[in-house]
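The values are calculated or read from the model by the stated rules, or taken from the named source; none is laboratory data. Note that this is a predicted model, so its numbers are computed, not measured. Glycine gets a Cβ as well: all are built from the backbone with ideal geometry, and neighbour counts include every protein chain shown.
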Amino acid sequence: MTNNKSFIQVRNLVKEYKTAYALRGVSMTVEKGQWINIMGPSGSGKSTLLNIIGGLDNSTSGDVIIDSTDVEALDEDHLAIFRREQIGFIFQQSHLIPYLTAVENVMLAQYFHSMADEEEAGEALKRVGLGQRLHHRPSQLSGGEQQRICIARALINSPGILLADEPTGNLDRDNTEIILELLDSIHREDHFTIVLVTHDPFVSKWGDRVLQMEDGHIVGDEFIKERVKGA
Amino acid sequence: MINSIIYEAQLIGFKEGIKAGLVWLVFYSYLLSNDRKSLAKSFYTGISLSLLLGLSFLLFPESPVSGDFIGNIISMSFALFLIFSGAALYHASGVDLFVFRDGMRSEFVIRTLVFSLTVIFFLPDFTGSAVYLNELAELKENTFMTAVSAAAGIMIAAVIIFSFVRLYKPFWLGSFFAFPQLLLFLAMVKLFGSGIKGISELSLIPSVQRGFIKFIHDLVHQTFVMLMVPDHPLLKKTTWDFIGTFFGPGFASIASLFILLALPALFINHTLFRPLPEPPARTNIARRKTRALMLSDRRKKAVPVIFFMVFIISAWFSYGGEKVLQVYDPEPRPVVADNGVIVIPLKDPVTDVMDGRLHKFSFVHEGEEVRVMVIKKADNSLSVCLDACEICPPSGYGQRDDHVVCLYCSTPIPVNTLGRAGGCNPVPLAADIGDGFIRIELKEIIKKWGFVNSGR
Ligand SMILES: Nc1ncnc2c1ncn2[C@@H]1O[C@H](COP(=O)(O)OP(=O)(O)OP(=O)(O)O)[C@@H](O)[C@H]1O
Ligand SMILES: [Mg+2]
């Protein structure tokens, strides 16, 4: 099952807490450019898996290898560089800085990566349809618009992988559809890898593949033959 | 006795050791960050040669070079590094200076450059310290202890530098230095650590000022000489006062500060505030990263330059600023001729003419005041002159550091050149100095005073 050339390789990943197991030996591979959705009931370990892949959390045992890099073997400095260069995050809560404008929030991500570039940040926001909202603060924008800033922010440094944890969890159907359509169209152009966590079956209409998790195990893995898009 | 030798000699050894260690550390880091580790060999050769040559001066009980001479060489090498780094900074800010053309960057040229810069840097300092140690050994009559203490000082410095490097591995320092910054750093070390007699001799700022004063004066004076016009009788006192402000110490100290700061400031302006060039990159990210690298490199490389400016400004304020301003103009003490000879005691209860300050004596001849001045030179000989020159009206001279200054036209004359005749120099007098007195023939004084411009 494990292929040496796979972009993301997870092998026998275990995450143990004092009271419980979050992951009980998860193995999977994701090819470069693939969009994979991880589904499963609450508490099944989806976020834990995503966070370990993104280097935000450590496993108890097992390996995570991304683009030939053993993520868990990296020291703090190299892990920070790895995250900066390779990973974009989107969460259910937008985590935008409330007193910065949309474009400044994106520029902040540029700044931590290398240096701020307002023009480029503005272009990125235009791409997610917020060209008219560059200088609005998050509180002046709708939840869907805020999440679009997050997409622009997560992708501004051209990461190889976009990790999304319930990105539409706070949105209604219409906005969910807008966000996922947007992600889909950007993904078609830029071919980064997406690992998206959701418990909403509606969301898994987008993407190439669905993984089912239950109680720290992977219990299902199915490829979506035909992509539903704009149909 | 022994204690004071140990302390002084150790301090000198320690200072030289720390200095060499610091320069090595910065230079080696610079080489590492430029992938040119192999050049360290030329540095080691240069420093070893300097050390050997410098130490060889310890072998001469009568040292063939004087501390003054070495002091001048040190000032010159400071100026050299400064000028060179100024040129290099200018080059780094985008101007092509022929010395740095690519064609000249052959391996041999670079090795020779590193070697000779090392020697130019270390040889005067090592020699100066050796000569000073020599004097110390002679003074305390204990050559062995002096040598051992100095060696101990060097060892202590070596241990400190070595442990520091082992502990902190501060080779990241290299990313702050390009070639010009390196030279500037060397100039700074020269400025602050090259005094021959320990660390107290931060005297290079006033010497830059004096050099400047002299330069402006000579410029004005030589122009007149070239025009074959005698300048001093032609220009009235008010005119000289005006010109004098341009080679007076106030202006000179501002100007020397300006000279020291102009090039670094220009460099900062050129590099730090110039818009970044557009890097040839395919993607936004690559472009942004390259620009970020350029920006941070540029900022890092500005750090030593800014350091230099801060150091210079603070040194200028704490040392150069007011010190040179004072002109000491003592009241002449009356003397009388005895049997046609003026006799001045070298030492009496009130004064000691050997104290290094300017001393004036006066008497009245045919209703006119005639003044003689006496001052000790660095070589401990006495200079006896009229308090007047052949050109200016006899306003006399005042003393400023190791210069006397014409009170009429502000010309500075180094004390050590007193005794030369002609021009702006005080008119030298033949005097008999011995058994506690200076004796000058009255005839001699009167004759020479006759050459002096009457001012009318
Ligand atoms: N810090 C922690 N300490 C102890 N247990 C934890 C911790 N974090 C998570 N867990 C437990 O690990 C299990 C997996 O949690 P995880 O957050 O991965 O679930 P999830 O699938 O993302 O659920 P949800 O859909 O509700 O977000 C849960 O049982 C949770 O209680
Ligand atoms: Mg979760």
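Descriptive notes on the structure:
- Any hit, segment A:51-65, residues being within 16 Å of ligand 2 (Cβ to nearest atom), polar (S, T, N, Q), buried (at least 18 other Cβ atoms within 10 Å of the Cβ) and within 18 Å of A:Gly216 (Cβ to Cβ): yes
- Selection within segment A:150-182 - closer than 21 Å to A:Asp67 by Cα and more than 16 Å from ligand 2 (Cβ to nearest atom): A:Ala154, A:Leu155, A:Ile156, A:Asn157, A:Ser158, A:Pro159, A:Gly160, A:Ile161, A:Leu162
- Set B:Ala302, B:Ala292, B:Ala388, B:Ala315: member being at pLDDT below 85, surrounded by 14 or more Cβ atoms within 10 Å (Cβ to Cβ) and among the hydrophobic types (A, V, I, L, M, F, W, C): B:Ala315
- Among residues of segment A:75-100, those that are touching a residue at least 60 places away in the same chain (Cβ under 8 Å) and under 13 Å from A:Asn51 (Cα atoms), counted: 5
- Any hit, segment B:297-308, residues being assigned to a loop (DSSP other than H, G, I, E, B) and among the basic types (Lys, Arg): no
- Residue that is farthest from the other protein chains (Cβ to nearest Cβ), among those in segment A:186-222 that are more than 15 Å from ligand 2 (Cβ to nearest atom) and among the charged types (D, E, K, R): A:Glu222
- In summary, A:Ala152 fulfils each of the numbered conditions (1) within 14 Å of another protein chain (Cβ to nearest Cβ); (2) without any contact (Cβ under 8 Å) to a residue 12 or more places away in the chain; (3) closer than 23 Å to A:Leu100 by Cα with the single exception of condition (2).
- The C-beta contact set for segment A:107-120 (first residue at the interface with chain B (Cβ under 9 Å from one of its Cβ atoms), second residue among the small types (Gly, Ala, Ser), distance under 8 angstrom, 6+ apart or interchain) comprises A:Gln110/A:Ala116; A:Gln110/A:Ala121; A:Ser114/B:Ala292; A:Met115/B:Ala292.
- Leading residue by the ranking (modelled with the lowest pLDDT) among those in segment B:336-367 that are in contact with a helix residue (DSSP H, G or I) (Cβ under 7 Å, 6 or more places away or on another chain) and surrounded by 12 or more Cβ atoms within 10 Å (Cβ to Cβ): B:Ala337
- Residues of segment A:17-34 satisfying the condition of being in contact (Cβ under 8 Å) with a residue 60 or more places away in the chain, over 19 Å from A:Ile161 (Cβ atoms) and within 12 Å of ligand 1 (Cβ to nearest atom): A:Tyr21, A:Ala22, A:Arg24
- Boolean, A:Asp165 is in contact (Cβ under 8 Å) with a residue 24 or more places away in the chain and either away from ligand 1 (no atom under 16 Å from the Cβ) or within 14 Å of another protein chain (Cβ to nearest Cβ) (or both): no
- Test: residue in segment A:35-54 that is within 16 Å of ligand 1 (Cβ to nearest atom), under 25 Å from A:His191 (Cβ atoms) and assigned to a loop (DSSP other than H, G, I, E, B): yes
- The number of residues in segment B:375-413 being under 19 Å from the mean Cα position of the chain (by Cα), over 18 Å from B:Asp355 (Cβ atoms) and free of Cβ contacts under 8 Å to residues at least 40 places away in the same chain comes to 1.
- Selection status of A:Asn12, away from ligand 2 (no atom under 16 Å from the Cβ) and assigned to a loop (DSSP other than H, G, I, E, B): no
- Residue within segment A:86-102 that is assigned to a helix (DSSP H, G or I), surrounded by fewer than 21 Cβ atoms within 10 Å (Cβ to Cβ) and within 14 Å of chain B (Cβ to nearest Cβ) present: yes
- Which numbered condition A:Leu130 misses (of (1) away from every other protein chain (no Cβ under 11 Å); (2) surrounded by fewer than 22 Cβ atoms within 10 Å (Cβ to Cβ)): (2)
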